[in-house]
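Take a look at the structure set out below.
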Amino acid sequence: MNGNTDNHLPADNDAPDESAGETQRMSKTQIFTLMSTASVNFSSMICYSILGPFFPNEAVKKGASETTVGLIFGCYAFFNLLGSLILGKYIVQIGTKFMLIAGLFVSAWCTIIFGLLDRLPDGTVFILMCFITRAIDAIGFAGAMTSSFATIAKVFPNNIATVLGCLEIFTGLGFVLGPPIGGFLYQSYGYEIPFISLGCVLLLMVPFNMCVLPSHDATPSKDSFWRLFTLPKIVLICFVIFAMSSSLGFLDPTMSLFIKEKFNMPSHYVGLIFLSLALSYSLSSPLLGVVSDKMPTLRKWLMVIGGMLSAVGFCLLGPVPIFNIKSQLWLFVLMLVLIGFSLGMTGIPTFPEILTCVIENGFEEGLSTLGLVSGMFGAVWSCGMFLGPTLGGFLVEKINFEWSSAIQGSIVLIASSLLGIYFIIEGRWKKRSPPTSTTGSDEETSPLLPNGIEPNYKLS
């Protein structure tokens, strides 16, 4: 977001000095931060996506219903929500580096333990331990991801959307590799190996991040999450984030079962179907991030149009029976591609748009506010990821996949439409507002500092 007046930069003394009008080489701190956050994005998504192709069927064999499977997926998001809110509030006191490393360590051991749960008796014991393990895992990754978002906004204040878009390549890579790797390892070696091998990889990332991740010091802010939700624009953007994550979470416990039933495909091929959504998202995100930074006035319409495209994708994913369109594999894959692209179109601009809004409304610039915004973003996203699998599993069990998918699409359509209406009203209100007077006496219009003297502070 170079040189734009609506770009407010989070400032603390240890942030790198980025020139808004010039392109500079990345500093050592920025390079190490990219390496660290990329590893977190990759590992968090591969941990989440590896379950999709085989865990629902395995859980059903162990005595869980489809609704319970949805709750197990949703449990992760619910505790991720709680963790994001609490850890985002106290990110300054805990420290960004410690929070990220500790989160990875906890998640690594939870992943390994989850792979051993098939040795437990069928029924209640297995289901209960699934809930407990996923809950602790979620809190660990809440810390890692909250710290990751705040650190990125801190170190790259002028290009947040661009950097987030590039990092989504690693998010998409984790989403891409998770299902096929998980499906292959499950088919070849059984239930335990996918989780144990992935947990060991996460453990290796702990010393790696201890070495490369820089530390940041800051002063705690007096602002709170509740003040964020007093701003109508932020509430509506959060509704869009919630709707998108809910629709994405809906696919986790339901899509693999639908594909196997409708198209008679084995687990490892189901993993390949997941690629279409992940690839379209990860490949489009860097471009969408650049567009969001270079043309910040387009951010709001990217969110609105992206949400509407996603609604179309979910209605045609089944497709919904009222269209009288036969369900075909090529159409299913095409709609996943559309959903992946629209997810990036809607999601990438939201974080910098929220940051701009909170600074315009008087929040302190610095790591503490970044922690609040990161925690809120993670909490709202997790709230959707909780409702999506939970409601999705219930609806598919009571109705069918086709209508359930259409219901998810309608939620996204409502959220994006409300945000679009708000932006239209906001635009008209600004046009009717009297312009700020730029005239005045020589004393009023004279610079506060003599020519040639620069202020001794910097925004970073």
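Remark: spin-label model distance F131-M26 equals 4.3 nm, labels positioned 7 Å along the Cα→Cβ axis. Sparsely packed loop sites in segment 293-361 (the chymotrypsin sites (Phe, Trp or Tyr not before Pro) outside DSSP H, G, I, E and B with at most 13 other Cβ atoms within 10 Å) do not occur. Multiplying each eigenvalue of the alpha-carbon gyration tensor of segment 154-212 by 5 and taking the square root yields semi-axes of 30, 17, 5 Å, largest first, rounded to whole angstroms. Seen from I424, the other residues with C-beta closer than 12 Å to its C-beta sum to a net charge of +3, counting Lys and Arg as +1 and Asp and Glu as -1. Simple point charges give the picture: +1 on the Cβ of Lys and Arg, -1 on the Cβ of Asp and Glu, and for segment 72-187 a dipole about the Cα centre of about 320 debye. Within the same chain, lysines fewer than 8 places from K300 are excluded, and of the rest, those with a Cα less than 22 Å from its Cα are K233, K430, K431. Residues whose amide H comes within less than 5 Å of that of M265, counting only those at least five positions distant or on another chain, are K260 (H built at 1.01 Å from N in the peptide plane). Taking all protein chains together, Y48, Y422, Y90 sort by accessible area into Y90, Y422, Y48, largest first [probe 1.4 Å]. Surface calculation, 1.4 Å probe, protein heavy atoms: L309 sits at approximately 60 Å² accessible. Accessible area per residue was computed with a 1.4 Å probe on protein heavy atoms; E192 scores about 40 Å². Using all pairs of distinct alpha-carbon atoms, the Kirkwood hydrodynamic radius of segment 99-171 works out to 14.0 angstrom. Here K326 is the anchor, and the lysines within straight C-alpha reach of less than 22 Å, apart from those fewer than 8 places off in the same chain, are K260, K262, K398.
If you plug the beta carbon distance of W330 and W429 into 1/(1 + (r/R0)^6) with R0 = 35 Å, you get a FRET efficiency near 0.15.
Seen from all directions on average, segment 312-370 presents a Cα convex hull projection of 5.8 nm². The figure for R428 is an accessible area of roughly 150 square angstrom, using a 1.4 Å probe on the protein chains alone.
Among S292, S65, the sequence by solvent-accessible area, most first, with a 1.4 Å probe is S65, S292. In order along segment 37-46, phi translates into HN-Hα couplings of 5, 5, 5, 5, 4, 5, 5, 5, 6, 5 Hz, rounded to whole numbers, per the Karplus curve 6.51 cos²θ - 1.76 cosθ + 1.60 with θ = phi - 60° and x for Gly and Pro. Across segment 334-349, computed HN-Hα scalar couplings (Karplus, 6.51 cos²θ - 1.76 cosθ + 1.60, θ = phi - 60°) run 4, 5, 5, 4, 4, 5, x, 5, 5, 4, x, 4, 8, x, 4, x Hz from first to last residue, x flagging Gly and Pro. Here the calculated FRET efficiency for W301 and N361, from their Cβ-Cβ distance with R0 = 30 Å, stands at 0.90, rounded to the nearest 0.05. Across segment 235-301, Cα-Cα pairs more than 19 Å apart make up 53 percent of the total.
Using all pairs of distinct alpha-carbon atoms, the Kirkwood hydrodynamic radius of segment 38-80 works out to 11.3 angstrom. The local environment of D118, defined by Cβ-Cβ distances under 11 Å, has a net charge of 0 under the rule Lys, Arg +1 and Asp, Glu -1.
The values are calculated or read from the model by the stated rules, or taken from the named source; none is laboratory data. Every value quoted in this text rests on a predicted model; they were computed, and no experiment measured them. Reconstructed Cβ throughout: ideal geometry from the backbone, glycine too, with neighbour counts over all protein chains shown. Heavy atoms of the whole protein, side chains included, go into the accessibility calculation; ligands, DNA and RNA do not. Shrake-Rupley method; radii C 1.70, N 1.55, O 1.52, S 1.80 Å.
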